[in-house]
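One structure is given here, and the rest of the page talks about it.
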Amino acid sequence: MITIKQLSKVFQTNSTEIQAVNALDLSIDKGEIFGVIGYSGAGKSTFVRLINRLEEPTSGQVTIDNQEITSLSKKDLRLSRQEIGMIFQHFNLLWSRTVRENIMFPLEIAGLSKQERLKRADELIGLVGLAGREDAYPSQLSGGQKQRVGIARALANNPKVLLCDEATSALDPETTDSILSLLVDINEKLGLTIILITHEMHVIQKICHRVAVMEDGSVVEKGNVMDVFSHPQQPVTKKFVEQVMGKPDDELADESILNQIDQGKLLRLHFVGETASQTTISQVAKKFDVDLNILHGNVKQTQSGAYGTLFVQITGDDKEIGEAISFITSTSVQVEVK
Amino acid sequence: MMSQLFPNVIWSDMVVAMIETFYMTLLALLGTFIFGIMLGLLLYLTSPGGVWQNKIINLIVATIVNVFRAIPFVILILLLFPFTDFLIGTLRGPNAALPALIIGSAPFYARLVEIGLREVDKGVIEAAKSMGAKTSTIIFKVLLKESTPALVSGLTVTAIALIGYTAVAGIIGAGGLGDYAYYYGFQRRSYDVVFMCTILIVIIVFIFQFIGDALTNKLDKR
Ligand SMILES: Nc1ncnc2c1ncn2[C@@H]1O[C@H](COP(=O)(O)OP(=O)(O)O)[C@@H](O)[C@H]1O
Ligand SMILES: [Mg+2]
């Protein structure tokens, strides 16, 4: 749906040239939540701003729904931008307007009548869960509420794409989660394509379907979130995965302690996606005459199921244990007997 | 009591002088507002990174603004004599003071407008652009709207400077309290008249300050 070809941006400063985005190729499917992660200065913001041409590309192409954004005239670009919503780290609301008036602003730009604007604003206020606060000014809202206004405003003209530049980076963890689930909600309800920029891997882990890792203006790794999590290739990707999964070395240290258990067997269960795997443990407990004792682990929920490792002590009859293990093997969960 | 303290004050003349001061201040303020906003916007929009980024126009406007701000008001009045004569047809009375008052204070206000516009969050302008806003929408609905409190408080400061200018303009016979204080007070050694004019001018200044502050507070939703 969105195709990006050889997209580059060079900033000219007095003394030097900065290659902020370097010959970037990407294609993003309709209805997916596509994450772009990278450290500060990697060129993420520049990249996302090239998509709606808040920054003019030095070279390359951006195509959305067969419309080549990069070749549009100024006037056509303005019309196209109404179909590309954008939310920002610092919300960027008009503080002189109330919540409702802020949401009505893009509708004024699109030339809707006052009646239509009020009606649409009320729908959006409901959608983002701000009912009752419509007459408040941004200064009277919390960060999370401000971002909800930002989201409502971005959705006002029924865009095809939503661009999010560090939309949760100024929020506390709890508020971040609520904004992320609002984004998932919108993605599912409206089938909206979302491009999400962040420097936090847990944001990718929680809501993205696919991810691209950026470093020095280039995409160094991309793929399904689950694949990137389970087989990170680049050093920078490995670091990001460690952000949420912890260091593999820690696990090894723990393992040596776990090895000291005297009864039964120690199993290392590795979850890689698929929602069914979450119930595996309870199924084993029900089906077989064994006791399960979860000792240690780290499992994260992603958009395509659970990912992570659990260490489980399994005790009982040897035969039952054997059957339980072969049952687990038959599921998508990988087992290692220690 | 009042006639003992102010034996030489003719109250009906005082009222006329006060109305003239109000008249000059308000009309000059209106002109200053219009030209100041236009110049301030031009300064802001043509500055580096602005919507109409243009070094040459920016330099020209900035030079005009700086030159007129540098000329002392008394000299500006004298300098503008031919222009005023041509425009108003007379050199006396409140109307004759208006060109000098406006030309003297508009550049000052233009700088305050520019500062106010700079205070508008760049991110908000960017957000408006991302929604497909035209430049005119950005100017009227974002820049001017978001900076309204700064524009009003700047106008208050300018109004008070203007009241001072109207008094100076009195020396060349513009009418108003400055004129009255000079010709009917100072020149006739009636210091009670000078003193009364002072009190009234201070009251007018306070009125403008009060209204300006109240308005700014009401408009400021930050
Ligand atoms: N307007 C600009 N002028 C010059 N350099 C810029 C500009 N915007 C961004 N850059 C540079 O481009 C690089 C990428 O920046 P950015 O896209 O903001 O990275 P990120 O969002 O990943 O932190 C940085 O080196 C930054 O300094
Ligand atoms: Mg950034």
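Read the figures in this text as sums done on the coordinates, not as results from a lab. Because the structure is a prediction, the values reported are computed rather than measured. Backbone-built Cβ (ideal geometry, glycine too); neighbour counts: all protein chains shown.
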Within the set B:ALA133, B:ALA159, B:ALA100, GNM on chain B using Cα springs under 10 Å gives the largest fluctuation to B:ALA133
Expressed as a whole-number percentage, the relative contact order of segment B:19-174 with C-alpha contacts under 8 angstrom and at least six residues apart is 35
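Convex hull over the alpha-carbon atoms of segment B:1-65: what's its volume per residue in Å³? Walk me through the numbers before you get to the answer.
On the way: hull volume 7.8 nm³, N = 65.
That works out to 120 Å³ per residue.
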For the table A:LYS239/A:LYS338; A:LYS160/B:LYS134; B:LYS145/B:LYS221; B:LYS55/B:LYS221; A:LYS74/B:LYS129; A:LYS239/A:LYS300, the rows whose alpha-carbon distance is greater than 23 Å are A:LYS239/A:LYS338; B:LYS55/B:LYS221
Exposure proxy check on A:MET104, B:MET14, A:MET1, A:MET201: fewest-to-most Cβ neighbours within 10 Å is A:MET1, B:MET14, A:MET104, A:MET201
Mean-square fluctuation maximum in Gaussian network of chain B, Cα pairs under 10 Å, restricted to B:TYR184, B:TYR44, B:TYR165, hits B:TYR184
Under 5 Å from the placed amide H of A:GLU215, counting only residues 5+ away or on other chains, we find A:VAL220
Karplus ³J(HN,Hα) for segment B:30-35 (6.51 cos²θ - 1.76 cosθ + 1.60, θ = phi - 60°; Hz, whole; x = Gly/Pro) runs 4, x, 4, 4, 4, 5
For A:ALA23, the residues 5 or more places away or on another chain with a placed amide H closer than 5 Å to its own amide H are A:SER8, A:LYS9
Footprinting proxy, A:ARG97, B:ARG189, A:ARG81: sorted fewest to most Cβ within 10 Å, the residues are B:ARG189, A:ARG97, A:ARG81
CD proxy, 222 nm, the protein assembly as shown: helix-only mean residue ellipticity via -39,500 (n - 2.57) per DSSP H run with n ≥ 4, per residue, nearest 500, stands at -16500 deg cm²/dmol
Over the Cα atoms of the protein assembly as shown the radius of gyration and the largest Cα-Cα distance (Dmax), both in Å, equal 34.5, 123
With a 23 Å threshold on alpha-carbon distance, the violating pairs from A:LYS44/B:LYS122; A:LYS9/A:LYS238; A:LYS44/A:LYS206; A:LYS9/A:LYS44 are A:LYS9/A:LYS238
With +1 on the Cβ of every Lys and Arg and -1 on the Cβ of every Asp and Glu, the dipole magnitude of the protein assembly as shown about its Cα centre, in debye rounded to the nearest 20, is 2280
Residue-ordered couplings for segment A:293-304, obtained by feeding phi - 60° into the Karplus form 6.51 cos²θ - 1.76 cosθ + 1.60 and rounding to whole Hz (Gly and Pro as x), are 10, 7, 9, 6, x, 8, 10, 10, 8, 10, 4, 10
Rounded to the angstrom and largest first, Cα extents along the principal axes for segment A:108-249 equal 59, 28, 27
The base-10 log of I(q)/I(0) that the Debye equation returns for segment A:1-58 at q = 0.14, 0.26 Å⁻¹, one scatterer per C-alpha, is -0.40, -1.20
For segment B:19-174, Rg(Cα) over 2.2 N^0.38 Å is 1.15
